[in-house]
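So the structure is just underneath, and the comments pick up after that.
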Amino acid sequence: MKGMSEPADRIPDLRADLIAAGLTVDALTGLWGQEAAEALHRGQRVPAERALARREPSALATLARLFVLGRAVAGTDVAVALPRLGVDGARELGLVTVDDATVTAAVDLRPYSFVDAAGPADWWIVSDLGELALGHALPEDHVLGVGGASLTLSGLMLQRTVDSALDLGTGCGIQAMHAARHARRVVATDISARALRLAALNLALNEIDGVELRLGSMFEPVAGERFDHIVSNPPFVITPRAEGVPAYEYRDGGMVGDGLVASFVRGCAEHLTEGGVAQLLGNWEYRGAGDGLERVREWVDASPEPLDAWVIERDVEDDVRYAETWIRDGGTRPGTPDFERLLGAWLDDFAARDVRSVGFGYLLLRRAAGVPTLRRFERLHGSLGANEAGLGVHLGEALAAHDLQAALDDDELARLRPVVAGDVTEERHLWPGADSPTAILLRQGGGFGRVVSADTGLAALVGACDGELAVGAIVAALAHLLEVDEPALRADLLPAVRALLVDRFLHA
């Protein structure tokens, strides 16, 4: 989108035309069907094109063909679909190129819908054309739209109202836009001037105020400033520092290995207010016999200001699969000489640092007031629970629950009257004819979909948590019923109660 001028007086015309055409996620799905929509997510546009061919001409169909499918469209059709903006206005905004009577998209423009703590919302997001529309590998200065990683981060974003937020590496601006729903002031930075121009267009198109855009790398544009909330989908992809390997700005921070994530973790505390939270996605290397999560722990411990930390590893890929994933992501196809050359470069880079696999996950870091109370490094590989509004609400509640129980001694904890969360179910497994279960599982339907193995005592305690009885009273009753020593049972169950409060199986 080189040279995009973004004349502000034409953006309202574009917005009005998109509204009139009804360009929404639901409308596109209705236009070509769910199967075609899923095929598009896999990079296949033929089913959508076949569905459009059976439809009557409409403004929605024209805009879908032009901006979502990346196909050339007759100028007369575009003029009808964009009656206020017109073809010339679309060209002024840098949205299209015109060749004789044919109009071709210069950007990807598509609807985006979501639900968060503030409710449902619909936006339009402009980004660079993807590989499907370009027909070749992506350029190194490609500005990514809303992808899987950005959806993950926006879903994880805490929803508490704050005065200030920072989106580090904003790209097309999607995380800054989400942050603006709960932060009174947002600063969004990026090393790419083109990315910031796209972010400015998206902010204006969706009438989002209170976001300041700044050019620069990492924390340089906010030197000396602190924020209540920092979010970042940084360019964390581990990329060989070798000649001939594309350095995509949207995913490559220019550092060796997982150095960019390490730099963020070590440096974020000095840009957080007391109690301020940083959330980011990241990769970490497993080197030799070492543990990747232990590497992250070392980064946290190296922070010059104390940090609480909750790090969740969602997946691990071996060195070959990791390299294949990101070579394909750039648009280089397997089986080609370029693919084999790049794969060799990746494997040489990993071998130089004895990297055998790479972990991916989420980091939540909080500037601690004193000695950190939260140090949680865990692996949650597999599916999540059902979270309509994302995990951000769950994470916020879990942090509050952690702080609550951390401030209570055992006697104070025993006086709590918790309630079982409504999404918790219990499973009991028995051998045929047996009187006692061989396993009792407590399952969480929302949150991270955790499963807790419980013994008879813990299962009975959880079952009795209805808000009427204190934990201590329940333990005393169970000790009498099970004919066991009450202090010993209390010492066994209270740590489990603390964990169940934090993980939201129990609500205080």
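Take the conditions within 16 Å of ARG415 (Cα to Cα), among the aliphatic types (A, V, I, L, M) and either out of contact with any Lys or Arg (no Cβ under 7 Å at 6 or more places or on another chain) or touching a residue at least 24 places away in the same chain (Cβ under 8 Å) (or both) and apply them to ALA491. Does it pass? First the steps, then the outcome.
Details: within 16 Å of ARG415 (Cα to Cα): yes; among the aliphatic types (A, V, I, L, M): yes; either out of contact with any Lys or Arg (no Cβ under 7 Å at 6 or more places or on another chain) or touching a residue at least 24 places away in the same chain (Cβ under 8 Å) (or both): yes.
Spelling it out, ALA491 is indeed within 16 Å of ARG415 (Cα to Cα), among the aliphatic types (A, V, I, L, M) and either out of contact with any Lys or Arg (no Cβ under 7 Å at 6 or more places or on another chain) or touching a residue at least 24 places away in the same chain (Cβ under 8 Å) (or both).
Suppose the filter is in contact with a helix residue (DSSP H, G or I) (Cβ under 8 Å, 6 or more places away or on another chain), open to solvent by 70 Å² or more (accessible area, probe 1.4 Å) and either outside any loop (DSSP other than H, G, I, E, B) or more than 27 Å from LEU156 (Cβ to Cβ) (or both); does SER453 pass it?
Answer is no for this residue.
Is it the case that some residue within region 461-481 is under 33 Å from the mean Cα position of the chain (by Cα), assigned to a helix (DSSP H, G or I) and surrounded by 15 or more Cβ atoms within 10 Å (Cβ to Cβ)? Don't jump to the end; show me each part of the working.
Step one: list which residues in region 461-481 are under 33 Å from the mean Cα position of the chain (by Cα), which gives 462.
Keeping just the survivors that are assigned to a helix (DSSP H, G or I) gives 462.
From what is left, the residues that are surrounded by 15 or more Cβ atoms within 10 Å (Cβ to Cβ) are 462.
Yes, because at least one residue in region 461-481 is under 33 Å from the mean Cα position of the chain (by Cα), assigned to a helix (DSSP H, G or I) and surrounded by 15 or more Cβ atoms within 10 Å (Cβ to Cβ).
For region 269-282, state whether one or more residues are buried (at least 21 other Cβ atoms within 10 Å of the Cβ) and over 18 Å from GLU305 (Cβ atoms).
Yes, region 269-282 contains a residue that is buried (at least 21 other Cβ atoms within 10 Å of the Cβ) and over 18 Å from GLU305 (Cβ atoms).
Are any residues in region 284-293 part of a strand (DSSP E or B) and surrounded by fewer than 20 Cβ atoms within 10 Å (Cβ to Cβ), and if so, which ones?
ARG287
Just to be sure I understand the filter: pairs with C-beta atoms under 7 Å, separated by 6 or more residues or on different chains, first member in region 194-214 and closer than 13 Å to ILE11 by Cα and free of Cβ contacts under 8 Å to residues at least 24 places away in the same chain, second member among the aliphatic types (A, V, I, L, M) and open to solvent by 10 Å² or more (accessible area, probe 1.4 Å). Which pairs pass?
As it stands, the answer is none, since no pair meets every condition given.
When you check ALA401 against the structure, is it closer than 16 Å to ALA499 by Cα and free of Cβ contacts under 8 Å to residues at least 12 places away in the same chain, yes or no?
no
Please go through region 117-149 and give me each residue that is open to solvent by 40 Å² or more (accessible area, probe 1.4 Å), in a loop (DSSP other than H, G, I, E, B), among the small types (Gly, Ala, Ser) and without any contact (Cβ under 8 Å) to a residue 12 or more places away in the chain, ordered by number.
Listed by number, the list holds a single entry, GLY135.
Considering only region 79-110, how many residues are touching a residue at least 40 places away in the same chain (Cβ under 8 Å), exposed (fewer than 15 other Cβ atoms within 10 Å of the Cβ) and among the small types (Gly, Ala, Ser)?
Matching residues across region 79-110 total 0.
Just to check your reading of the model, which residue among TRP326, TRP346 is open to solvent by 50 Å² or more (accessible area, probe 1.4 Å) and of a type in the set (A, V, I, L, M, F, W, C)?
Values: TRP346 fails: open to solvent by 50 Å² or more (accessible area, probe 1.4 Å).
Unique residue meeting the criteria: TRP326.
In region 390-417, how many are under 34 Å from the mean Cα position of the chain (by Cα) and of a type in the set (D, E, K, R)?
2
Could you tell me how many of the residues in region 64-116 are part of a loop (DSSP other than H, G, I, E, B) and within 20 Å of GLU207 (Cβ to Cβ)?
Step one: list which residues in region 64-116 are part of a loop (DSSP other than H, G, I, E, B), which gives 69-72, 82-85, 93-95, 100-101, 106-107.
Filter again for within 20 Å of GLU207 (Cβ to Cβ), leaving 82, 84-85, 93-95, 107.
Total satisfying the criteria: 7.
Within region 12-50, can you find the residues that are assigned to a loop (DSSP other than H, G, I, E, B) and either touching a Pro at 6+ places or on another chain (Cβ under 7 Å) or open to solvent by 40 Å² or more (accessible area, probe 1.4 Å) (or both)?
Selection gives LEU23, THR24, ARG42, GLN44.
Do you know which residues across region 249-268 are open to solvent by 10 Å² or more (accessible area, probe 1.4 Å) and in contact with an Asp or Glu (Cβ under 7 Å, 6 or more places away or on another chain)?
Passing the criteria: only GLU249.
So is VAL296 over 21 Å from HIS381 (Cβ atoms), open to solvent by less than 10 Å² (accessible area, probe 1.4 Å) and either outside any helix (DSSP H, G or I) or not polar (S, T, N, Q) (or both) or not?
no
Just the residues that are touching a helix residue (DSSP H, G or I) at 6+ places or on another chain (Cβ under 7 Å) and either hydrophobic (A, V, I, L, M, F, W, C) or open to solvent by 60 Å² or more (accessible area, probe 1.4 Å) (or both), please, taken from region 370-403.
THR373, LEU374, PHE377, LEU391, LEU395, ALA398, ALA401 - these are the residues of region 370-403 that are touching a helix residue (DSSP H, G or I) at 6+ places or on another chain (Cβ under 7 Å) and either hydrophobic (A, V, I, L, M, F, W, C) or open to solvent by 60 Å² or more (accessible area, probe 1.4 Å) (or both).
Of the residues ARG504, ARG443, ARG498, which is open to solvent by 10 Å² or more (accessible area, probe 1.4 Å), among the basic types (Lys, Arg), touching a strand residue (DSSP E or B) at 6+ places or on another chain (Cβ under 9 Å) and at negative phi?
ARG443
Can we say LEU430 is open to solvent by 10 Å² or more (accessible area, probe 1.4 Å), at pLDDT 95 or above and in contact with a strand residue (DSSP E or B) (Cβ under 9 Å, 6 or more places away or on another chain)?
Taking the combined requirement at face value, the residue does not satisfy it.
Six or more apart or on different chains, Cβ atoms under 6 Å: show the pairs whose first residue is in region 442-465 and farther than 14 Å from LEU494 by Cα and whose second is assigned to a strand (DSSP E or B) and of a type in the set (Gly, Ala, Ser).
Qualifying pairs under 6 Å: LEU442/ALA454.
The values are calculated or read from the model by the stated rules, or taken from the named source; none is laboratory data. Everything numeric in this text was worked out from a predicted model, so none of it was measured. Neighbour counts run over all protein chains shown; Cβ positions are idealised from the backbone, glycine included. The area values use the complete protein model at the heavy-atom level, side chains included, leaving out ligands, DNA and RNA. Shrake-Rupley method; radii C 1.70, N 1.55, O 1.52, S 1.80 Å.
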